[in-house]
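These notes concern the structure reproduced below.
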Amino acid sequence: MVLMHGRGDEDMSDRFLSIESQPGQLLVNVSGCWVFDHVSELERAAAGVQPAEGARVTFQCRGLEDMDIAGAWVLYDRTQQLSADGFKTELKGIKAVHVKFLQHIIDAAAIRQYQQPEQHTGRPNPVYGAIATLGRNVAVRIEDVGRISRSIADGVRRPSLYLVGEVIKQVYLTGVQAIPVVVVITFLIGIVLAYQSSGQLEQFGAKVFVVDLVSISVMREMGVLLAAVMVAGRSGSAFAAELGVMQLNEEVDAMRVLGLNPNQMLIIPRVLGLVISLPILTLFADAAGLAGGALVAVGSAGISGLQFVERVAHSTDLSDFYVGLSKAPVFALLIATVSTLRGIQVRASAEELGQRTTMAVVQSIFLIIVADAFFATMFTRMGV
Amino acid sequence: MNSVITVRKLVNRFGDQLVHDNLDLDVYRDEILGLVGGSGTGKSVLLRSILGLQKPTSGTITVLGRRIEYQQPGPTRCWGVLFQAGALLSDLTVQQNVELPIALHSDMPLETRHELASLKLLMSGLDLSVADKYPAELSGGMRKRVSLARALALEPKILFLDEPTAGLDPIAATEFDELITWLHDNLELTIMMITHDVDSLFGICDRIAVLVDGGVIVGTMNEILKSEHPWIRRYFGVPRALRARQAALGRAHA
């Protein structure tokens, strides 16, 4: 859009009104198209009507070609302002439709009273506010977790055919469908681990320990952690979004009214499904991680395939594998509870849905890592 | 009479189901056209096709001389749509919902924008105390009015209404009908409305378009009532339609 300045401006104003000053009166000839598209220019033109003290202002509208509500509003608004400033104003020759009906519906004062709401009304004290919010959040969270755990317990005690079907569906969606991506990333991480460590270990002439390093870290940590993070991203967001949209569509309310417990119908299948599928994914992750390590060990570190297998058998025992695997159901429980909870908390708007989904993923991953740190400490203390 | 919306040889087919079979329809300037039809006869599909929200199997649609193409920008500035559930943006307040199209289509000063949005809210029969509320905090009827205000924000020439009085109580529905008539008379609007409210059909529609057998039968209420088509005879033969007709006759005589 090109804005014209100088002479152009004059021309533009002329398109909409011209002013003739006569003694004791100001004659404003209104012309052209007073429509939405020209509102900015119309505002400027109308503001240019500045009568001398005590003058009568007459708007002559015979030259008016077209007018819509927006244009009529600008004209009407200016006449009202002039009247308020004590000028006698008159509208002449205007076609009945617009200005007439404007006058009888609009309480112009009411319109001007509207003020943009303060975007953020200032909290009295940010620190106090933050603590209060935190406290409230913790309380709400504990309450929600309690409620959900209770319905999970109920559901497990009295499993129905519906529940079994839903759980199988969730295992398929969150587990089976995630296998390819989990396998690929853990395989790659296995390769990365092997490459990074072989360079270092070679300096000590202990290259063969690459196998120990890869197998222990994949089985105890990397396999389950990567699988869990991937699942948090994939299924955590899906859970939150699914439940959030159901909340927005009043589907959750409908279930309640029908006497169906949404916690049992929606949350339990997802929680149980994930508790089953994450350990399965962990198995795949462990295998793929080892395969990645083996590829580097055999292909570039000069360790033979047989040596690799022997080394794995020697350095790791079953407890390493179980340590990794035992974390999977706990991680799954965290991801599924947090994500479904966030979804069900959606109340009103699309923006909220986005925020809750983000929260679901971020908090899932956060809790996974916190729990993992806890496990690492615990297992070390226990000597496992 | 010139036609502002022209639908020619429209075909919409979903799998085996033929919804529109060479449908022709004209909507004339300054009229209120009521669109009725049984469920599955493609009222919404027709509306969505006209709005370019849905790709018809074949056929041409012209609105104000402009050919409508699927997902291509249509004459946005010239039409306003009242969706059935309101379709307000849930993250924005009432005022922001109405201001949004104005802000996107004009560089007018902020103050004027506020004023115009408030004006449209008032015209839609709302009190300005709702301006800072969010859509989730409003009743269904109020949401419709806000949606109407938003539809009017850009000074449209054509207004599409999808079941405007559905879900409203009789008082609110009657008021909404009056509002539509008032807007139509004052703003030189062409209105196309999907409705099953027989009172609206008898009370405010100039012509009725009935979707039957993949096509459309159009006419004034009197012409439609003379139709021999079995579905139309049943539709206008049910007690509530007869009562609405009586009421409309009563108003005409009064």
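Considering segment B:166-197, and only residues there that are hydrophobic (A, V, I, L, M, F, W, C) and within 14 Å of chain A (Cβ to nearest Cβ), the residue that is surrounded by the fewest Cβ atoms within 10 Å (Cβ to Cβ) turns out to be B:W182.
Residue count for segment A:296-323 under the criterion of being free of Cβ contacts under 8 Å to residues at least 40 places away in the same chain, touching a helix residue (DSSP H, G or I) at 6+ places or on another chain (Cβ under 6 Å) and either within 20 Å of A:Q196 (Cβ to Cβ) or surrounded by 19 or more Cβ atoms within 10 Å (Cβ to Cβ) (or both): the result is 1.
A search for C-beta distances below 7 Å between a residue of segment A:266-290 that is assigned to a helix (DSSP H, G or I) and any residue that is acidic (D, E), counting only pairs 6+ apart in sequence or on different chains, returns A:P269/A:E166. So for segment B:40-51 (the condition being of a type in the set (A, V, I, L, M), more than 14 Å from chain A (Cβ to nearest Cβ) and touching a helix residue (DSSP H, G or I) at 6+ places or on another chain (Cβ under 8 Å)), does at least one residue qualify? No, segment B:40-51 has no match at all.
Taken as a whole, the condition of being within 14 Å of another protein chain (Cβ to nearest Cβ), within 24 Å of A:V145 (Cβ to Cβ) and surrounded by fewer than 23 Cβ atoms within 10 Å (Cβ to Cβ) does not apply to A:Q264. Identification of strands (runs of 3 or more DSSP E) wholly contained in segment B:144-254 with 2 or more residues that are farther than 30 Å from A:M67 by Cα and either in contact with a Leu (Cβ under 8 Å, 6 or more places away or on another chain) or among the charged types (D, E, K, R) (or both) yields B:207-212, B:215-219.
Scanning segment B:78-132 for residues being more than 9 Å from chain A (Cβ to nearest Cβ), of a type in the set (S, T, N, Q) and within 22 Å of the chain's Cα centre (by Cα) gives a total of 3. The residues listed here are A:L201, A:L193, A:L173; of these, the one that is closer than 17 Å to A:A294 by Cβ and at pLDDT 90 or above is A:L193.
Among the candidates A:A254, A:A227, A:A241, the residue that is small (G, A, S), crowded, with 19+ Cβ neighbours inside 10 Å and either outside the structural domain of A:T316 (by TED's automatic domain parsing) or over 27 Å from A:V323 (Cα atoms) (or both) is uniquely A:A241.
Considered as a group, the residues in segment B:133-153 that are within 21 Å of B:E163 (Cβ to Cβ) and of a type in the set (K, R) include one that is farthest from the other protein chains (Cβ to nearest Cβ), and that residue is B:K144. Would you check if there is a residue in segment B:146-165 being modelled with pLDDT of 90 or more and of a type in the set (V, I, T)? Yes, the conditions are met somewhere in segment B:146-165. Quick check: anything in segment A:177-187 in contact with a Gly (Cβ under 6 Å, 6 or more places away or on another chain) and assigned to a helix (DSSP H, G or I)? Yes: segment A:177-187 contains one or more residues that are in contact with a Gly (Cβ under 6 Å, 6 or more places away or on another chain) and assigned to a helix (DSSP H, G or I).
Exactly one residue among A:F331, A:F366 is among the aromatic types (F, W, Y), within 30 Å of A:F209 (Cα to Cα) and more than 14 Å from every other protein chain (Cβ to nearest Cβ), and that residue is A:F331.
The values are calculated or read from the model by the stated rules, or taken from the named source; none is laboratory data. These numbers were taken from a predicted model, which means no experiment stands behind them. Quick reminder, even Gly has a Cβ in these numbers, built from the backbone with ideal geometry, and neighbours come from all protein chains shown.
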